[in-house]
Structures are given as C-alpha cells and as structure tokens.
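Just so it is clear, none of the values below were taken in a lab; they were calculated from the coordinates. Quick caveat: nothing in here was measured; it's all calculated off a predicted structure. Note that each Cβ is placed from the backbone with ideal geometry, even for glycine, and that neighbours are counted across all protein chains shown.
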Amino acid sequence: MTAPTPPTLRTGKLCYLEIPALDVHVSATFYERAFAWTIRHRDTDRPSFDDTTGEVSGAWVVDRQPATEPGILPYVMVADAAAAAEAVVAAGGEIELPVGRYGSEVLATFRDPAGNLMGIYQQPGLEEAER
C-alpha cells in the first residue's frame, strides 16, 4: 500500500472550511455518508474532516449561524450529480435546486442537516477517470 500524497501547499489555495452546524456529530455523519469525507476527532465536540482528495479539510462549528441564504456558495465536485443528489437525500439533506444543466455545467444545490446551502458540481470526465 502506498502512502497518501501530501496535500499541495501553495499561497492562495483554499484549504480549510468551518461549516456551521446545529449538531456537529449529525453534520459529520451527513458529509461522511453523502460525500465519503474522512471524519477525524469523531468523539470530540469539534469533529473535523478531510475531503476525498485530502486537499481540503475543516471542522463543524456551533458558534456560527448556518449559511441558509446564498452568499459564498461552495460546490462539492462529483462524478455523477444525480447519484450525489440521491446520496444527499439518503444522508438526511434536502435538494434545493434539482440536478440539471445550468449553462454549460451540471449542478444542483442542497441543504445539509443544519440548513447550510451548498452545491454539487459534476466534473466532466470524472466518472470515466474514477473507474
């Protein structure tokens, strides 16, 4: 088994997100189930995560209001937006904007268990690359 590649270090890189939560454990489980994020420090009052690439990490916080209105809108990259939307619903989230082609992109938006509005972005060619 090969060791994981360390994350890319570069000035200007988006690297860490604090995601508002009503219950940090519910939110951690949601993102783990919906997007296969790795959860660290699960049994603490501040579980944290690494995305599937290990390039972006973060934690859930309860000292901030959920981002229920569009402001900055982060998108999670996926191979199949329809499958990701199904996973969001199965994990306890709600689809806000249904999966569809918007301009030249296949997108959807969803609300996590805390009500945060987030996006799903289907990366062209990713499904084939991940096979």
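Among Ser57, Ser48, Ser104, Ser27, the order by Cβ neighbours within 10 angstrom, fewest to most, reads Ser104, Ser57, Ser48, Ser27.
Within 10 Å of each residue's Cβ, count the other Cβ atoms and sort Arg101, Arg46 from fewest upward.
Values: Arg101 10, Arg46 14.
Ordered by Cβ neighbours within 10 Å, fewest first: Arg101, Arg46.
With each run of n ≥ 4 DSSP H residues scored as -39500 (n - 2.57), what mean residue ellipticity at 222 nm is computed for the chain after dividing by its residue count and rounding to the nearest 500 deg cm²/dmol?
Only helices count here, giving -6000 deg cm²/dmol.
This ranking places Tyr16, Tyr31 by how few other beta-carbon atoms lie within 10 Å of each, fewest first, which gives Tyr16, Tyr31.
May I ask you to work out the translational diffusion coefficient for the chain at 4 °C, viscosity 1.567 mPa s, via Stokes-Einstein with Rh from the Kirkwood sum over Cα pairs, reported in whole µm²/s?
On the way: Rh = 15.4 Å.
Stokes-Einstein gives a translational diffusion coefficient of 84 µm²/s.
If you add up the charges near Thr68, with Lys and Arg at +1 and Asp and Glu at -1, over every other residue whose beta carbon is less than 14 angstrom from its beta carbon, what do you get? Taking every other residue near Thr68 into account, the sum is -2.
A Gaussian network model of the chain, with springs between Cα atoms under 10 Å, assigns the largest mean-square fluctuation among Glu32, Glu94, Glu86 to Glu86.
Distance between the C-alpha centres of the range 29-55 and the range 72-95: 15 Å, rounded to the whole angstrom. Electrostatic tally near Gly115: other residues with Cβ closer than 11 Å to its Cβ, Lys and Arg +1, Asp and Glu -1, net -3. Of the residues Val76, Asn116, Pro98, the one whose Cα sits farthest toward the positive end of the charge dipole of the range 16-130, with +1 on the Cβ of Lys and Arg and -1 on the Cβ of Asp and Glu, is Asn116. Note on the range 12-72: along the principal axes its Cα atoms extend 31, 27, 19 Å, ordered by decreasing extent. Among beta bridges from DSSP that stay inside the chain, the antiparallel ones total about 65%. Computed from backbone phi with θ = phi - 60° and the Karplus coefficients 6.51, -1.76 and 1.60, the 3J(HN,Hα) list for the range 14-26 is 6, 10, 8, 10, 9, 10, x, 9, 8, 9, 4, 6, 5 Hz; x is used for glycine and proline.
Across the range 61-78, computed HN-Hα scalar couplings (Karplus, 6.51 cos²θ - 1.76 cosθ + 1.60, θ = phi - 60°) run 10, 9, 8, 9, 5, x, 8, 7, 10, x, x, 6, 10, x, 10, 9, 6, 9 Hz from first to last residue, x flagging Gly and Pro.
Taking 7 Å along the Cα-to-C-beta vector as the label spot, tell me the Asp23-Glu55 distance in nanometres, rounded to one decimal. Output for this residue pair reads 3.3 nm.
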